[in-house]
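The values are calculated or read from the model by the stated rules, or taken from the named source; none is laboratory data. Model, not experiment: these values are computed from the prediction. Cβ placement follows ideal geometry from the backbone for every residue including glycine, while neighbour counts extend to all protein chains displayed.
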2 protein chains.
Amino acid sequence: MVGLGPGGEETLTPQARDAISGADVVIGYSTYIKLAKPYLTNQTVLSSGMKKETDRARVAVEEALAGKRVAVISSGDPGVYGMASPILEIAPPELEVDVIPGVTAATATAAVLGAPLTHDFAVISLSDLLTPWETILRRLDAAAAADFVIVLYNPRSHGRDQHLEVARNVVLKHRAKETPLGLVKDCCRAGEAKQVTTLGDMNIEDVDMTTTVIIGNSQTKVLNGRMITPRGYVI
Amino acid sequence: MVGLGPGGEETLTPQARDAISGADVVIGYSTYIKLAKPYLTNQTVLSSGMKKETDRARVAVEEALAGKRVAVISSGDPGVYGMASPILEIAPPELEVDVIPGVTAATATAAVLGAPLTHDFAVISLSDLLTPWETILRRLDAAAAADFVIVLYNPRSHGRDQHLEVARNVVLKHRAKETPLGLVKDCCRAGEAKQVTTLGDMNIEDVDMTTTVIIGNSQTKVLNGRMITPRGYVI
């Protein structure tokens, strides 16, 4: 399992690059295959649509058991809401499997926004395809109450276009509407767009499935357009 | 601010490497300067001891305002408990500052252990140098109650050798002692050592300040020696 990082060649580790270059078979969701184009030479490429994760996992294990070197690619880090768990769940003990980490969306997005993650933070996916919505709401509530900075993955899609509004209202029970909030769409890719706003003012229409959202904690501030959560040093 | 990633050249992004190679001045804690040795040629190197973060931030800003290209280096990602916030807090608006993300210890450690972070997780530092211990305990309690996977940074040092024991007991209020727990010491560096154990069986003597600890959620399991938090696909 290979993490491509957030975007282009600049943020891909040498380890990940070598794993893709040295593979016989490269497997991934079609969007990720496009991101990996620069490293594809004569590998066999097996691309598939979204929501085909278990199929991809099975094919990867079959190909590997047949003796092929297989690279299953994901954007960001393959261990964060990625393919690492479905593959490790079905891989037999004799199969050598390595997880090659990448820069995940949380920290890539944070870097674009400034320094919002320099204190304790919680990472929550708003996708309820595989997780009960009640569990997600419970985690949002707990993270907001305990003053974690909150990073939202999969904040909005066509099928769940109001989840983000509900999530905002849960956080607003514990945090002021003036709390800084940052959005980065297409982080580290062509068309990257960032916005530093507030929890109250965020326009959910600005958010889509390629956006990562970071909600500050009670100490987060905005300075020169950058979102900063102080570590606590006396400056 | 440049993130070195967890260890060697294999996990350093090209962007980070170029920022160090192209700098006039490289500033960092002495341990990080050692990690950056392979990329140091004729840059001026300013290294300092731990707990000198505000000094390093001031020197970095002064050098940059004097027209130098400055790289302030941190291991992992500079935005996660790193130098990004103290520098952005004092940098004047006219100064160009970029945060260059890196693979952070949470995901590098997860990759070594298997796939423990494929569901919602909370990142908490057990260092109370800059954060009230009560705040840390409150966050641990909230994260454990809401069934987050929990990643502990700075789990133990000479000055606070019992914090981890207290933290374990807080989590045990909400989670079974059989909950899988993974430790990686010196992740991605020479002498890397991993251990997959349980919340109840962890020996705190095995943990030091170069260790990252990951506590599974209620669904985390161990399979073929690997720690896996299922994403929820029907396998």
Hey, does region A:132-140 have a residue that's within 20 Å of A:THR211 (Cβ to Cβ), of a type in the set (Ser, Thr, Tyr) and not assigned by TED's automatic domain parsing to the domain that holds A:SER75?
-> no
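Those residues that are hydrophobic (A, V, I, L, M, F, W, C) and outside any loop (DSSP other than H, G, I, E, B), I need them from region B:117-135; list them, please. Can you show your working first?
Taking region B:117-135 and keeping what is hydrophobic (A, V, I, L, M, F, W, C), we get B:117, B:121-124, B:126, B:129-130, B:133.
If the condition is that a residue be hydrophobic (A, V, I, L, M, F, W, C) and outside any loop (DSSP other than H, G, I, E, B), then B:PHE121, B:ALA122, B:VAL123, B:ILE124, B:TRP133 are the ones that fit.
Select from region A:141-170 the residues that are part of a helix (DSSP H, G or I) and at the interface with another protein chain (Cβ under 10 Å from one of its Cβ atoms) and list them in ascending order.
The initial filter retains those residues of region A:141-170 that are part of a helix (DSSP H, G or I), namely A:141-145, A:163-170.
A:ASP141, A:ALA142, A:ALA143, A:ALA144, A:ALA145 - these are the residues of region A:141-170 that are part of a helix (DSSP H, G or I) and at the interface with another protein chain (Cβ under 10 Å from one of its Cβ atoms).
Restricting to region A:183-201, name every residue that is aliphatic (A, V, I, L, M), within 22 Å of A:ASP120 (Cβ to Cβ) and free of Cβ contacts under 8 Å to residues at least 40 places away in the same chain. So that I can check it myself, show each step before the final result.
From region A:183-201, those aliphatic (A, V, I, L, M) are A:183-184, A:190, A:193, A:196, A:199; that's our starting set.
From what's left, within 22 Å of A:ASP120 (Cβ to Cβ): A:183-184, A:196, A:199.
Residues satisfying the conditions are A:LEU183, A:LEU199.
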Odd one out for B:THR54 among (1) farther than 27 Å from B:ALA110 by Cα; (2) part of a loop (DSSP other than H, G, I, E, B); (3) of a type in the set (Ser, Thr, Tyr) = (2)
Quick one: count up the residues across region B:156-175 that are at pLDDT 95 or above and crowded, with 23+ Cβ neighbours inside 10 Å.
-> 1
Across region A:57-93, what is the total count of residues that are within 9 Å of chain B (Cβ to nearest Cβ), assigned to a loop (DSSP other than H, G, I, E, B) and not β-branched (Val, Ile, Thr)?
-> 9
B:ARG138 versus (1) buried (at least 21 other Cβ atoms within 10 Å of the Cβ); (2) not in a loop (DSSP other than H, G, I, E, B): which is the lone unmet condition?
-> (1)
Does at least one position in region B:11-22 carry a residue that is over 20 Å from A:THR118 (Cα atoms) and among the acidic types (Asp, Glu)?
-> yes
Kindly check whether there is at least one residue in region B:30-50 that is at pLDDT 95 or above, on the phi < 0 side of the Ramachandran plot and among the small types (Gly, Ala, Ser).
-> no
Pull up region A:176-235, narrow it to residues that are away from every other protein chain (no Cβ under 14 Å), assigned to a loop (DSSP other than H, G, I, E, B) and hydrophobic (A, V, I, L, M, F, W, C), then point me to the one that is surrounded by the fewest Cβ atoms within 10 Å (Cβ to Cβ).
-> A:ALA190
For region B:29-53, name all the residues that are within 13 Å of chain A (Cβ to nearest Cβ) and either surrounded by 17 or more Cβ atoms within 10 Å (Cβ to Cβ) or over 22 Å from the mean Cα position of the chain (by Cα) (or both).
-> B:TYR39, B:GLU53
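For region A:109-128, what are the residues that are more than 7 Å from chain B (Cβ to nearest Cβ), in contact with a Ser or Thr (Cβ under 8 Å, 6 or more places away or on another chain) and surrounded by fewer than 24 Cβ atoms within 10 Å (Cβ to Cβ)? Spell out how you get there, then give the answer.
Quick first cut of region A:109-128, residues more than 7 Å from chain B (Cβ to nearest Cβ) only: A:109, A:112-113, A:116, A:119, A:126-128.
Still in the running and in contact with a Ser or Thr (Cβ under 8 Å, 6 or more places away or on another chain): A:109, A:116, A:119, A:127.
A:SER127, the sole residue that qualifies.
Would you call A:THR131 without any contact (Cβ under 8 Å) to a residue 24 or more places away in the chain and facing chain B (nearest Cβ under 10 Å)? Give the steps one after another, and end with the answer.
Working: without any contact (Cβ under 8 Å) to a residue 24 or more places away in the chain: yes; facing chain B (nearest Cβ under 10 Å): yes.
Yes; evaluated as a whole, the condition is true for this residue.
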Going through region B:4-21 in order, the residues found to be buried (at least 22 other Cβ atoms within 10 Å of the Cβ), part of a helix (DSSP H, G or I) and of a type in the set (Gly, Ala, Ser) are B:ALA16, B:ALA19
